[in-house]
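Please read the structure below before turning to the comments.
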Amino acid sequence: MKPAPFAYRPATSLADAQRALAADADAKLSAGNQSLGPMLNLRLARPGALIDIAGLAELRAVTDSGGAVRIGAGFTHAEIEDGEAPDPTLGWLRAAAGAIAHRAVRNRGTLGGSLAHADPAADWVIVMAGLGANLVLAGTNGERVVPADAFVTGPFETVLRADEMIVAVEIAKPSPGARWGYWKYTRQVGEFAKASATVLDDPAAGRQRCALGALGGAPVVLADGAGLIEGRVDPDGAVRAALAGRVADPQLHVVALRRALAAAKQAEAAQ
Ligand SMILES: Cc1cc2nc3c(=O)[nH]c(=O)nc-3n(C[C@H](O)[C@H](O)[C@H](O)COP(=O)(O)OP(=O)(O)OC[C@H]3O[C@@H](n4cnc5c(N)ncnc54)[C@H](O)[C@@H]3O)c2cc1C
């Protein structure tokens, strides 16, 4: 199928994109168009206008505030994978980016587009929740900062208001010696995850987090991350309790968490 007709509106600046979005309730942003394009072609989305933000320099801004780095939402997965975008985590983002889809998709798909699309199985959704990152949203009333683990409200649903866009992601720099594990289960290379888990072990910063993704909705940050990381809490029981009534068979998520915990431990051994 071909898309229903729409007006094409390349944005000339962030302010221009925001004005256009606020002025037209029937308009949609287009970034890498890797998720929106198929939806247009299948006519699952029929916006009256597309505001193209792919070329906006402001969405590629980087700000280092000392303890954290703001990365523009317009960086592509491939740029993050290739180290052309900054990686305040010294490699964790690069590794996650390289495992998204296929290179052709990574060449165009963007950090902001992936988060805004909020596919429950998407990589950045769980990685940013697991890292405890913040999303910087901008709309007609100015900017607001939302924790990544509170951004997704359901499948393909977020807290984004109609006039808002994601302009950046803010990631805290890990302490020396901090460790990270990310594991996702896919049937084939390049597929969306069937189950995923992250582990951030940064006790010096008071951040020991374990999160689960690919749950059909928002990711889940487990209650006792420190207990899981330090071996005082059984991953099997913790996952089953957290997903009770939400996932029929949580076994894949149990395995995902165990492997993410093991990956973080291996990172410790490699240091
Ligand atoms: C074959 C295939 C396999 C894939 N596999 C994976 C995978 O394994 N893991 C994974 O994570 N992803 C996967 N994806 C999705 C891919 O990562 C997309 O790039 C991403 O989901 C959307 O990013 P985009 O920049 O293309 O956004 P677009 O498609 O342009 O936009 C998606 C949505 O976000 C909105 N939007 C875009 N930018 C912004 C912004 N800055 N602020 C607010 N709203 C915005 C748009 O209006 C639209 O609603 C796959 C895609 C394909 C086609």
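The values are calculated or read from the model by the stated rules, or taken from the named source; none is laboratory data. Not measured: the values here are computed from a predicted model. In this analysis, Cβ positions are derived from the backbone assuming ideal geometry, glycine residues included, and neighbour counts consider all displayed protein chains.
One line per residue, one yes/no per condition, for (1) more than 15 Å from the ligand (Cβ to nearest atom); (2) closer than 30 Å to Gln34 by Cβ:
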residue: Arg187; (1), (2): no, yes
residue: Ala193; (1), (2): no, yes
residue: Ser196; (1), (2): no, yes
residue: Pro203; (1), (2): yes, no
residue: Arg209; (1), (2): yes, yes
residue: Leu215; (1), (2): no, yes
residue: Pro235; (1), (2): yes, no
residue: Ala241; (1), (2): yes, no
residue: Val247; (1), (2): yes, yes
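Trp92: buried (at least 22 other Cβ atoms within 10 Å of the Cβ) and in contact with a Ser or Thr (Cβ under 8 Å, 6 or more places away or on another chain), yes or no? No; evaluated as a whole, the condition is false for this residue.
Selection of the range 207-227 for residues being within 25 Å of Gly67 (Cβ to Cβ) and either in contact with a helix residue (DSSP H, G or I) (Cβ under 6 Å, 6 or more places away or on another chain) or outside the structural domain of Leu257 (by TED's automatic domain parsing) (or both) yields Gln208, Arg209, Cys210, Ala211, Pro219, Val221, Leu222.
If you go through the range 220-271 and keep only what is in a loop (DSSP other than H, G, I, E, B) and either touching a residue at least 40 places away in the same chain (Cβ under 8 Å) or closer than 21 Å to Asp119 by Cα (or both), you end up with Leu222, Gly245, Arg246, Val247, Ala248, Asp249, Pro250, Gln271.
Is it the case, given these coordinates, that Leu93 is within 30 Å of Ala267 (Cα to Cα), in a helix (DSSP H, G or I) and either touching a Leu at 6+ places or on another chain (Cβ under 9 Å) or away from the ligand (no atom under 11 Å from the Cβ) (or both)? Spelling it out, Leu93 is indeed within 30 Å of Ala267 (Cα to Cα), in a helix (DSSP H, G or I) and either touching a Leu at 6+ places or on another chain (Cβ under 9 Å) or away from the ligand (no atom under 11 Å from the Cβ) (or both). Ala197 meets the conditions (1) over 23 Å from Gly74 (Cβ atoms); (2) out of contact with any helix residue (DSSP H, G or I) (no Cβ under 7 Å at 6 or more places or on another chain); (3) small (Gly, Ala, Ser) in every case but one. The failed one is (2). Within the set Gly98, Gly113, Gly130, Gly55, the sole residue that is within 14 Å of the ligand (Cβ to nearest atom) and at pLDDT below 95 turns out to be Gly55. Looking at the range 136-168, which of the residues that are closer than 25 Å to Ala256 by Cα and crowded, with 19+ Cβ neighbours inside 10 Å is nearest to the chain's Cα centre (by Cα)? Residue satisfying both the conditions and the ranking: Ala148. The conditions of being free of Cβ contacts under 8 Å to residues at least 40 places away in the same chain, buried (at least 16 other Cβ atoms within 10 Å of the Cβ), near the ligand (Cβ under 9 Å from one of its atoms) and closer than 27 Å to Arg9 by Cβ are met by Arg106. Restricting attention to the range 205-219, the residues that are crowded, with 17+ Cβ neighbours inside 10 Å and outside any loop (DSSP other than H, G, I, E, B) total 7. A Cβ distance below 7 Å, combined with a sequence gap of six or more or placement on separate chains, defines the contacts here; from the range 153-178, residues that are away from the ligand (no atom under 11 Å from the Cβ) reach residues that are of a type in the set (Asp, Glu) in the pairs Pro174/Asp202; Ser175/Asp202; Ala178/Asp201; Ala178/Asp202.
Based on this model, can you work out whether Glu79 counts as in a loop (DSSP other than H, G, I, E, B) and of a type in the set (Asp, Glu)? Here the answer is no, as Glu79 does not meet what is asked.
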